[in-house]
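Comments concern the structure below.
The values are calculated or read from the model by the stated rules, or taken from the named source; none is laboratory data. Since we're looking at a predicted model, the values are computed, not measured. Backbone-built Cβ (ideal geometry, glycine too); neighbour counts: all protein chains shown. What goes into the accessible areas is simple: the full protein's heavy atoms, side chains included, and nothing from ligands, DNA or RNA. Shrake-Rupley method; radii C 1.70, N 1.55, O 1.52, S 1.80 Å.
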Amino acid sequence: TNTQTSGKDASSKDEGDLIVVGFSQVGAESDWRTANTKSFQSTFTEEAGYKLLFDDAQQKQENQIKAIRNFIQQDVDYIVIAPVVETGWETVLGEAKEAGIPVIIVDRMINVSDDSLFTCWVGSNFKQEGYDAADWLAEYLEKQGRSEETINIVTLQGTIGSSAQIGRTEGFAEKMKEHPNWVMLDRQTGEFTQSKGQEVMESFLKSYDDIDVVIAENDNMAFGAIDAIKAAGKVPGKDIIIVSFDAVKAAFEAMIAGDMNVSVECNPLHGPRVAEIIQKLEKGEQVEKLQYVEEGVYPAETAAELINTREY
Ligand code: AHR
């Protein structure tokens, strides 16, 4: 079936009446991630009836596995995981299942053969985000009268093996087949961080003097790329088109400044969504196994009007 219920008796709570939630977070690599953490910390408060155990894994799966084992040992009521990569979760999730603790996956997906290892998932359609970026670029180039020109592209990829990287890379690559004049010169990971994004962009600029477009698989890597492009004496947003993902507030500022051309939204506000899932599970209700959130595309011309409406 497409639904699951809590594997644990709702009356077996620790810490008095509070619902104990262990949250294994990827890290603090980006503005998006900070907003995601804040969303959990402001939702799972004692006033709202929760005790949140928060662990920052510093972008390492081994740290996430350790944190999950700690949560199991502490017999938390729910385990929430924002997984760094898709693979390698079977053993530790088997241990959580054995302990009867429901596991909720957020943001990125996991790839497991037995889907009873997690209760449900809520997050983004990363492949769709890749499609949206390519469609925006096609439209933009057409408006510039460049649909037939050779377009040289480089990609700053996210953490290799994460759903956000896989979906965005694959979605964009699939759409590239519709544009035989688009050339992918190079793709390298910038680990979703500004500093690594800048470093990789500097090396791209040394290797290629004819880059038309940068696809940055998140805004923070785009900010690093913008700095590298400026340092190389080129104009980001004009000489080199900047296509990015997340649509965090600072990206709107970069678009208003003319440095970035578009950001495809990735919504980090999962705290309330997970709380709703937990409340349903507490009542013994069924929940959807897979829950995709809605996301938009924000080109530079919309930035000034919308910046004040952005929550993160
Ligand atoms: O999984 C979501 C991605 O992870 C966001 O695009 C990125 O900024 C974050 O680090």
* Percent RCO, i.e. relative contact order, over the chain, from Cα pairs under 8 Å lying at least 6 residues apart -> 19
* To do: Restricting to the chain, compute how many DSSP beta bridges are antiparallel as a %, nearest 5.
  => 10
* Structure fact -> Using alpha carbon centers only, region 128-154 is separated from region 275-312 by a whole-angstrom value of 27
* Structure fact -> Sorting TRP136, TRP121 on solvent-accessible surface, 1.4 Å probe, most exposed first, gives TRP136, TRP121
* Asked: Relative contact order (percent) for region 213-291, with alpha-carbon contacts under 8 angstrom and 6 or more residues of separation?
  -> 26
* Zone residues, region 122-162, relative to GLN279, backbone N less than 19 Å from point 7 Å out along Cα-to-Cβ -> 122-123
* At a probe radius of 1.4 Å, what is the per-residue accessible area of ILE307, in Å² to the nearest 10? -> 20
* Asked: Under a GNM of the chain (C-alpha, springs under 10 Å), which listed residue has the highest mean-square fluctuation: THR43, THR150, THR87?
  -> THR150
* To do: Evaluate E = 1/(1 + (r/R0)^6) for HIS179 and TYR208, where r is the Cβ-Cβ distance and R0 equals 25 Å; express this FRET efficiency to the nearest 0.05.
  => 0.85
* Structure fact -> Counting only protein heavy atoms and rolling a 1.4 Å probe, one gets per residue an accessible area for the chain in Å² of 42
* To do: First compute the accessible area of region 125-267 with a 1.4 Å probe, then give the percent of it belonging to carbon and sulfur atoms.
  => 46
* For TYR208, TYR78, what's the largest-to-smallest order of accessible area, 1.4 Å probe? -> TYR208, TYR78
* Asked: Given a 1.4 Å probe and the protein chains all in place, what does the accessible area of ASP114 round to, in Å² to the nearest 10?
  -> 60
* Asked: So what's Rg/Rh here for region 33-95, counting alpha carbon atoms and using the Kirkwood radius for Rh?
  -> 0.97
* Can you pick out the pairs among LYS66/LYS289; LYS97/LYS289; LYS175/LYS206; LYS175/LYS289; LYS143/LYS238; LYS177/LYS238 whose Cα atoms lie more than 18 Å from each other? -> LYS66/LYS289; LYS175/LYS206; LYS175/LYS289; LYS177/LYS238
* Asked: Can you give the Kirkwood hydrodynamic radius for the chain, in Å, rounded to one decimal and based on Cα pairs?
  -> 20.3
* Tabulate in residue order the Karplus-calculated ³J(HN,Hα) for region 124-129, using 6.51 cos²θ - 1.76 cosθ + 1.60 with θ = phi - 60°, rounded to whole Hz; enter x for Gly and Pro. => 9, 8, 5, 5, 4, 4
* Asked: Nearest 10 degrees, 0 to 90: what angle lies between the long axis of helix 194-207 and the longest principal axis of the chain (Cα atoms)?
  -> 30
* To do: Express in whole angstrom the spacing between the alpha-carbon centres of region 157-195 and region 69-118.
  => 27
* To do: Enumerate the amide H contacts of VAL20 below 5 Å, restricted to partners 5 or more residues apart or on another chain; note that Pro and chain-start residues carry no placed amide H.
  => ASP14, LYS51, ASP77, TYR78
* Structure fact -> Going residue by residue through region 33-41, the Karplus relation 6.51 cos²θ - 1.76 cosθ + 1.60 with θ = phi - 60° gives ³J(HN,Hα) values, rounded to whole Hz and with x marking Gly or Pro, of 5, 4, 5, 5, 4, 4, 4, 6, 5
* For region 215-312, count the residues as N, evaluate 2.2 N^0.38 Å, and divide the Cα radius of gyration by that value, please. => 1.38
* To do: For LYS206, LYS196, LYS143, LYS97, give the ranking by accessible area with the largest first, probe 1.4 Å.
  => LYS206, LYS143, LYS97, LYS196
* Listed peptides 32-39, 160-167, 214-221, 290-297 by packing density, highest first (mean Cβ within 10 Å) -> 214-221, 160-167, 32-39, 290-297
* Can you run phi through the Karplus equation (6.51, -1.76, 1.60; θ = phi - 60°) for region 275-286 and list ³J(HN,Hα) in whole Hz, with x for Gly and Pro? -> 4, 5, 4, 4, 4, 5, 5, 4, 8, x, 7, 7
